[in-house]
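The values are calculated or read from the model by the stated rules, or taken from the named source; none is laboratory data. Since we're looking at a predicted model, the values are computed, not measured. Here Cβ is always computed from backbone atoms with ideal geometry, including for glycine, and neighbour counts include all displayed protein chains. All accessible areas refer to the heavy atoms of the entire protein, side chains included, with ligands and DNA or RNA removed. Shrake-Rupley method; radii C 1.70, N 1.55, O 1.52, S 1.80 Å.
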Amino acid sequence: MIRKLNRIKELKDMPGIWKFFAAVILLFGFIALLSPEIATNSLVKSVEIFKNMFSSLVLAFVFMFVFNLLVTDKVVKKYLQNDIGVKQCLIVSIAGIFSTGPIYMWYAYLSELKDQGANYGLISIFLYNRAIKLPLIPIMISYFSVEITIVFSVLLFIFSFINAFFINIFVKPQKS
Amino acid sequence: MNAFKKTCWSFFMMAPVLVSVVLLIALLQTIIDNDSLLALFRGNIFADSFVGAIIGSIAPGNPITSYVLGGEMLSIGVSLTAVIAFLVAWVTVGVVQFPAEALMLGKRFSIFRNLFSFLSAIFIGILTGFIVGIL
């Protein structure tokens, strides 16, 4: 019964999501009228983006499924709510580093954590550490240098915790 | 089975936002070309860092694109500080994704997270330039 009520609540919240979608479609329609070439090229590019992110989408689905399977509300409450400790920060930062795919693919997963009362600082740590792209380190070294890449990655890691500290001051967790 | 249904539901909720963001990203990548981006840097380390962070915040796309652009910017003389600020902002700040993030994670969180990430991009750019200069 509670699950059905939650679903109804989520459906009521959906108008905002669909309004955003409708606004983007309208924008494209407007651009198509002004410049069909730009609209067409954009659509072709968007298909390419979706093709490139397909494997990441699958990985995100599997990741979320495993998370929903293994991580119960009790576990979330124990590790991710209330005050954050060093262990939680490290676990979440490592998860962020190893996560793949565009950032917006992970919003649904993080939204669930948020709804369960997860600390916003931890969510921020996850999102910020996504900037450290381990598979792309060799590419970055080839364009810059080993020193720049190391300094860049270490500073990103450190600043993820600094940002989380300030996020926790200004944003309080919601509880469902 | 419950975990599977819950995961499917999450993806269903996310789908319109995901499609919208991809369409916006594709549109921006079509409209803004690389030469236009490079013309914005003038040689002042602080102003360029700020400009780098602004462009990185707005410009969407794969991080590899940012590395390629960053490498080109370095080769034409843009300061390392500005390039690093650009790279950090590219991957941590999301103006295009902001509506989606605000919808899913809350407006207050999204505003502050992006604001702190933007400021961090400038600080990291300056610190990287300083540390690499010492090494």
Q: Check A:167, A:162, A:137 and return the single one that is at the interface with chain B (Cβ under 9 Å from one of its Cβ atoms) and surrounded by fewer than 18 Cβ atoms within 10 Å (Cβ to Cβ).
A: A:162
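For the structure I just gave you, tell me whether residue B:112 is under 16 Å from residue A:167 (Cα atoms), touching a residue at least 24 places away in the same chain (Cβ under 8 Å) and open to solvent by 30 Å² or more (accessible area, probe 1.4 Å).
Working: under 16 Å from residue A:167 (Cα atoms): yes; touching a residue at least 24 places away in the same chain (Cβ under 8 Å): no; open to solvent by 30 Å² or more (accessible area, probe 1.4 Å): yes.
No; evaluated as a whole, the condition is false for this residue.
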Q.
Among the numbered criteria (1) over 19 Å from residue B:126 (Cα atoms); (2) at pLDDT 80 or above, which one does residue A:152 miss?
A. (1)
Q: Please work out if residue B:56 is small (Gly, Ala, Ser), at negative phi and within 13 Å of chain A (Cβ to nearest Cβ).
A: yes
Q. Quick one: which helices (runs of 4 or more DSSP H) sit completely within the range B:1-116 and have at least 1 residues that are among the β-branched types (Val, Ile, Thr)?
A. B:2-31, B:45-58, B:63-75, B:80-92
Q) helices (runs of 4 or more DSSP H) wholly in the range A:1-107 with at least 2 residues that are within 11 Å of chain B (Cβ to nearest Cβ) and modelled with pLDDT of 65 or more - which ones? A) A:2-34, A:36-70
(Q) Among the residues in the range B:84-106, are any within 10 Å of chain A (Cβ to nearest Cβ), open to solvent by less than 10 Å² (accessible area, probe 1.4 Å) and more than 17 Å from the chain's Cα centre (by Cα)? (A) yes
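Identify, from the list B:75, B:36, B:49, the residue that is buried (at least 23 other Cβ atoms within 10 Å of the Cβ) and either under 21 Å from residue A:130 (Cα atoms) or over 12 Å from the mean Cα position of the chain (by Cα) (or both). Show your work before the answer.
Values: B:75 fails: buried (at least 23 other Cβ atoms within 10 Å of the Cβ); B:36 fails: buried (at least 23 other Cβ atoms within 10 Å of the Cβ).
After ruling out the rest, the residue left standing is B:49.
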